[in-house]
Amino acid sequence: MKEVEILVIGGGPAGLSAAAAVANLGCDVLILERDGKLGGQLIKQTHKFFGSKKQYAGDRGYQIGDLLIEQCSTNSKVEVWSGATALGIYEDGVVTVEKDEKHLKIKPQKIIIATGASEKMIAFPNNDMPGIYGAGAVQTLMNVHGIVPGQRVLMIGAGNIGLIVSYQLLQAGVEVAAIIEAAPTIGGYLVHASKIRRAGVPILTSHTIQEAYGKESVEGARICKLDENWQAIPGSEQELNVDVICLAVGLSPLTELCFQADCQMNYIPELSGHVPLRNDYLETTRPGLYVAGDVSGVEEASSAMVEGRLAGVSAAYSLGYGQDVAPQLQTEALAELSELRSGPAGQKTVQGLKKLMEKGEAVC
Ligand SMILES: Cc1cc2nc3c(=O)[nH]c(=O)nc-3n(C[C@H](O)[C@H](O)[C@H](O)COP(=O)(O)OP(=O)(O)OC[C@H]3O[C@@H](n4cnc5c(N)ncnc54)[C@H](O)[C@@H]3O)c2cc1C
């Protein structure tokens, strides 16, 4: 059994920032990453990030990932196991891991879960046909492996992910027939939507998919317009010849390990699904278990990094490290989170966190 002071599960922006913060306070930390590479979502983000300079706004996502990986790889207090999937967290605090086809056990003193999120799916006839992808899969294919998914794409979802992946498809020479969005307004940033429209791609709000069709793989899709009650308007159907349908319909926090560790969970739509109840320092109802990043509520890489730092400092502080600096670092991280969430895009998160806190108070 391997013993470690702090175990971080997930090597995305939240997990890497957590590990760097732990190590900077002189505490040993092990990162588990199920993928072969560290970086999480960042490794496939070729666009420049928004936000504040403190969270590397203006840099491209993969460049931010490289910076975070460097911060960890140059610190001797950080150990990394890549290709290592955390399978379970048990009552006695043991974490089981699958790595190189072996089943291993780790006994950490504190755990930070930073497993990110998974893509949502929507129901329509033939939604399991080859040629139907999640937006994350399309990004991984194109930006990590250099493979285009097809020739002509229907994008479903006009949030930031749908808009950005559509633009990246165009950059890769793939035609985007249309972006459809069931809501009456575009959810993503106007700057992304304007770029897409300038490239001649229609963004059809109040539209949904009714069916995908094709013999062995996608050959087309039928879409239709929705009325104010989200019902299909008869006669508004259109057929689109496409060989790829890409779903960018949201993410859900990847919380299986939190459920399994018996953290108290709550369904908060504003945070995109079930999330663990936690205190200001991101410690859950299971003492010594912290969360950070999309697993605690889907947001952005900027807040994931700050939450990672806050969870890392708090976990190390609880083991006696950084007694002189940790409270100040916690205060700074909390202030950064409030600033990040103060704009219109952060209001949903603020409402979600308020609901979560109210549920927590009801339990106490
Ligand atoms: C198309 C797109 C565009 C985006 N654009 C922006 C933007 O412009 N600005 C911005 O701030 N944010 C952006 N984001 C959001 C940002 O990428 C995420 O919010 C951020 O990556 C979340 O960080 P995370 O560390 O919580 O999760 P992730 O980056 O998802 O990392 C989680 C890691 O945990 C690993 N993992 C999961 N389960 C296990 C397990 N059981 N064992 C071991 N490892 C595990 C995963 O393999 C993954 O590497 C974008 C996202 C997408 C998809």
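Round to the nearest 10 and give me the degree value, 0 to 90, for the angle of helix 347-363's Cα axis relative to the longest principal axis of the chain.
Here the helix axis deviates by roughly 50 degrees.
Short version: what are the Cα gyration tensor semi-axes of the stretch 121-247, square root of 5 times each eigenvalue, largest first, in whole Å?
Numbers: eigenvalues 91, 69, 27 Å².
Square roots of five times the eigenvalues give 21, 19, 12 Å.
Probe radius 1.4 Å, ligands and nucleic acids ignored: give me the carbon and sulfur share of the accessible area of the chain as a rounded percent. Mind dumping the intermediate values first?
Details: 8400 of 16640 Å².
It is 50 percent, rounded to a whole number.
Restricting things to alpha carbons, find the Rg to Rh ratio for the chain using the Kirkwood radius for Rh. Don't skip to the answer; put the middle values down first.
On the way: Rg = 21.3 Å, Rh = 21.4 Å.
Rg/Rh: 0.99.
Strictly over 18 Å apart at the Cα level, which of LYS2/LYS77; LYS2/LYS99; LYS2/LYS102; LYS77/LYS110; LYS2/LYS110; LYS195/LYS225 would you flag in this model? Walk me through the intermediate numbers first.
Details: LYS2/LYS77 15 Å; LYS2/LYS99 13 Å; LYS2/LYS102 14 Å; LYS77/LYS110 15 Å; LYS2/LYS110 14 Å; LYS195/LYS225 24 Å.
Violating the 18 Å Cα-Cα cut-off are LYS195/LYS225.
Mind checking which aspartates and glutamates have their Cα closer than 19 Å to the Cα of LYS355? Skip sequence neighbours fewer than 8 apart in that chain.
Result set, ordered by chain and number: GLU270, ASP280, GLU283, ASP294, GLU299, GLU307.
List, in order, the whole-Hz ³J(HN,Hα) value for each residue of the stretch 143-160 obtained from phi through the Karplus relation with A = 6.51, B = -1.76, C = 1.60 and θ = phi - 60°; use x for Gly and Pro.
8, 9, 9, x, 10, 7, x, x, 9, 9, 10, 9, 9, 10, x, 10, x, 4
Just report the Cα centroid separation between the stretch 37-64 and the stretch 1-33, whole Å.
Here the two parts' Cα centres lie 20 Å apart.
Lys/Arg Cβ at +1, Asp/Glu Cβ at -1, dipole of the chain taken about the Cα centre: which of ILE43, LEU170, SER17 is farthest positive-ward?
My answer, from the dipole projection, is LEU170.
With a point put 7 Å past each Cα toward its Cβ, work out how far ARG198 is from LYS120 in nm, to one decimal.
With each label placed 7 Å out from Cα toward Cβ, I get 3.0 nm.
What percent of all Cα-Cα pairs in the stretch 283-340 falls into each 10 Å bin, going from 0 up to the bin containing the maximum distance?
24, 53, 22, 1
Which residue fluctuates the most in the chain, going by a Gaussian network model with Cα springs under 10 Å, if the choices are LEU190, LEU16, LEU30?
Its mean-square fluctuation being the largest, the pick is LEU190.
Say we join alpha carbon atoms closer than 10 Å with springs in a Gaussian network model of the chain; which of HIS47, HIS207, HIS145 then has the biggest fluctuation?
HIS145
If each of ASN229 and SER82 carries a label point 7 Å out from its Cα toward its Cβ, how far apart are those two points in nm?
The modelled label-to-label distance comes out at 5.4 nm.
Checking the cross-link filter: which aspartates and glutamates have an alpha carbon closer than 13 Å to that of LYS120, excluding same-chain neighbours under 8 positions apart?
The reachable aspartates and glutamates, counting only those whose Cα sits under 13 Å from LYS120, number zero.
Taking a virtual spin label 7 Å from the Cα of VAL350 along the C-beta vector, which residues in the stretch 310-340 bring their backbone nitrogen under 19 Å of it?
Output list for this probe position: 332-340.
Within the stretch 141-230, what percent of beta bridges assigned by DSSP are antiparallel, to the nearest 5?
On the way: 6 of 14 bridges.
Restricted to the stretch 141-230, the bridges split so that about 45 percent are antiparallel.
Could you tell me how far the Cα centroid of the stretch 203-217 sits from the Cα centroid of the stretch 298-364, in Å?
With the stretch 298-364 and the stretch 203-217 each reduced to a Cα centre, they are spaced 40 Å.
Could you do me a favour and compute the accessible area per residue for the stretch 121-247, 1.4 Å probe, result in Å²? The partial results should precede the final answer.
Numbers: 6020 Å² over 127 residues.
Here the residues of the stretch 121-247 average 47 Å² of exposed surface.
What number, in percent, do you get for the relative contact order of the chain if the mean sequence gap of Cα pairs under 8 Å and at least 6 apart is divided by its residue count?
Values: 820 pairs, mean separation 69.6, N = 364.
Computed over the chain, the figure is 19 percent.
The values are calculated or read from the model by the stated rules, or taken from the named source; none is laboratory data. Just so we're clear, the structure is a prediction, and the values are computed from it rather than from any experiment. Cβ: placed from backbone, ideal geometry, glycine included. Neighbour counts: every protein chain shown. Protein only, heavy atoms only, side chains kept; ligands, DNA and RNA dropped before computing areas. Shrake-Rupley method; radii C 1.70, N 1.55, O 1.52, S 1.80 Å.
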